[in-house]
Ligand code: GUN
Ligand code: FE
């Protein structure tokens with residue numbers, strides 16, 4: 001494979017949960033199709049020779065003092081809800097859906113509106129360092145295809161789903177699939193259209209089978225969607241055991257837990273990503289682990305709508321893979337930096353508890369703390385594992401997606417008053433940098449954004 005670029009760069013990544021690695025001025029060889037072919041560390045005996053050999057060639061690019069982080073992976077975001085980010089956050093899930101969210105989502109019948117909002121959103125995500133995103137669209141094929149086209153054009157790796165919500169008893173007349181059959185036919189057409197579109201997109205555009213959540217779908221739709229996902233080997237996304245209401249609603253309807261129901265319809269497989277999962281128990285965790293399905297943790301959204309905090313450590317210990325999602329607009333922020341921070345903060349509240357009328361040792365759920373480095377793993381490597389793609393690491397064979405951080409950028413300089421320890425540097429970047437510090441974004445070996 002021909003080498004297109006040789007980057008001299010310092011980077012952080014996390015191969016193992018909770019552990020970080022830092023390489024200073026490594027040489028990263030990237031092929032024409034955007035794959036990392038080799039990473040030469042500065043202590044490699046050949047380092048100097050290679051540096052001399054390539055540093056004067058056109059392929060060479062040095063990032064100087066800037067720091068590379070893997071591109072962040074947003075595993076769960078509702079693109080049509082972007083105009084509502086930061087709004088309507090004082091509500092309960094089912095009321096919020098019916099009174100704010102569905103009236104907004106129905107507007108995407110209008111393609112012009114879709115184009116405007118989706119372009120703004122994808123640009124915003126890129127400027128926040130998000131290089132891959134798994135999107136819920138709306139029930140509309142055209143508008144959701146438009147979202148995929150925008151990802152394709154702007155260079156983002158997009159995983160896009162036409163939403164299915166066909167149950168006439170659960171969804172308002174103004175916003176639902178017109179019938180179960182049309183929901184399935186339209187999903188199949190959507191899968192084919194995205195596969196065709198994706199053929200010419202270097203970074204990849206993928207269709208996602210998307211039952212909104214169990215309460216919004218008929219049994220027949222859930223069953224048919226499971227079959228379609230199998231037939232076309234697609235990703236599957238949905239919401240699972242999100243809130244008290246949602247979790248109990250599914251239990252009442254099926255006399256089974258949400259995870260069991262999704263599994264029984266063939267919706268849990270290795271390319272399934274289920275958002276929230278706050279109420280899943282040990283048996284559900286085993287189903288996730290056995291089916292190699294992933295959980296998407298949406299910590300900000302959960303603080304508003306979920307009535308609970310995801311027991312991240314418990315699930316990790318069961319072998320469940322977890323990534324992070326913004327869940328716009330259940331979560332208000334398009335930034336995975338904010339979600340990394342909130343993963344840590346909400347885990348502290350779970351660990352220590354919050355009711356000061358209880359004794360300290362009765363207040364929390366022990367061993368629930370998630371560290372900032374663990375949260376960084378979730379936003380990068382964990383997301384890559386969920387997508388079953390080599391993403392999130394600067395390693396041979398991995399896709400070359402990264403963000404370039406300038407810690408000395410004038411409007412938000414992260415001065416280093418203390419030691420030069422690498423751990424401190426990454427913590428300061430994750431806690432204190434703003435999107436202004438992200439100066440460039442590269443996806444599949446190609447620069448898609450330079451500020
Ligand atoms: N459950 C079903 N639909 C939604 C949605 O749009 N947002 C969230 N947070 N939960 C949901
Ligand atoms: Fe969601």
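Every number here is computed from the coordinates shown, using simple stated rules; none is lab data. These numbers were taken from a predicted model, which means no experiment stands behind them. All Cβ positions, glycine included, derive from the backbone under ideal geometry; neighbour counts span all protein chains shown.
Tell me, what is the percent relative contact order of the stretch 284-415, built from C-alpha pairs under 8 Å that lie six or more residues apart?
21 percent.
Can you give the relative contact order of the stretch 1-79 as a percent, counting alpha carbon pairs under 8 Å and 6+ residues apart?
So the answer I get is 35 percent.
Please list, by residue number, everything in the stretch 310-337 whose backbone N is under 20 Å from a paramagnetic label point 7 Å out along Cα→Cβ of residue 116.
Of the residues in the stretch 310-337, 329 have backbone N under 20 Å from the label point off residue 116.
Taking R0 as 56 Å, what's the FRET efficiency between residue 424 and residue 189 from their Cβ-Cβ distance, rounded to 0.05?
On the way: r = 52 Å, r/R0 = 0.93.
With a Förster radius of 56 Å, E is 0.60.
For residue 50 and residue 123, what does the FRET efficiency come to when R0 = 45 Å and r is the distance between their Cβ atoms, rounded to the nearest 0.05?
Calculated transfer efficiency: 0.80.
With a ≥ b ≥ c the root eigenvalues of the C-alpha gyration tensor of the stretch 4-52, is it rounded (a/c under 1.5), prolate (a/b larger than b/c) or oblate? List each step's numbers first, then the result.
Numbers: a/c = 2.53, a/b = 1.30, b/c = 1.95.
The shape class here is oblate.
How high is the relative contact order of the chain? Use alpha-carbon pairs under 8 Å, at least six apart in sequence, and give a whole percent.
For the chain, the relative contact order is 19 percent.
Give me the angle, in degrees from 0 to 90, between the Cα long axis of helix 219-232 and the longest principal axis of the Cα atoms of the chain, rounded to the nearest 10.
Long axis of 219-232 versus the principal axis of the chain: about 30 degrees.
By average Cβ neighbour count within 10 Å, what is the ranking of 33-42, 207-216, 310-319 from highest down?
Descending packing order for the listed peptides: 207-216, 310-319, 33-42.
What angle, in degrees between 0 and 90 and rounded to the nearest 10, separates the Cα long axis of helix 336-352 from the longest principal axis of the Cα atoms of the chain?
Between the helix axis and the principal axis of the chain, the angle is about 70 degrees.
Mind ranking 222-231, 43-52 by how tightly packed they are, going by the mean number of other C-beta atoms within 10 angstrom, highest first?
Order by mean packing, descending: 222-231, 43-52.
Quick check on the chain: helices-only [θ] at 222 nm, where DSSP H runs of length 4 and up contribute -39,500 (n - 2.57) each and the sum goes over total residues. Nearest 500, please. Please list the in-between numbers first.
On the way: 17 runs with 164 residues, N = 451.
It lands at -10500 deg cm²/dmol.
For a protection proxy built on the mean count of beta-carbon atoms within 10 angstrom, sort 185-198, 272-285 highest first, please.
Answer by packing, highest mean first, reads 272-285, 185-198.
With a/c under 1.5 counting as rounded, go ahead and sort the stretch 45-194 into rounded, prolate or oblate using the C-alpha gyration tensor (a ≥ b ≥ c being the square roots of the eigenvalues; past the cut-off, prolate if a/b is larger than b/c, else oblate).
Because a/c hits 1.5 or more and a/b exceeds b/c, the stretch 45-194 counts as prolate.
What shape does the stretch 172-280 take by its C-alpha gyration tensor, where a ≥ b ≥ c are the square roots of the eigenvalues and a/c under 1.5 counts as rounded, a/b above b/c as prolate, and the rest as oblate?
prolate
Taking every DSSP beta bridge that has both residues in the chain, what percent is antiparallel when rounded to the nearest 5?
Antiparallel bridges make up about 45 percent of those DSSP assigns within the chain.
Taking the 0 to 90 degree range and rounding to the nearest ten, how far is the long axis of helix 244-254 tilted relative to the main principal axis of the chain, both from C-alpha atoms?
Between helix and principal axis, roughly 50 degrees.
So if I take the centroid of the Cα atoms in the stretch 1-25 and the same for the stretch 312-377, what is the distance between those two points in Å?
27
Report, in whole Å, the centroid distance computed from the Cα atoms of the stretch 131-157 and the stretch 240-287.
26
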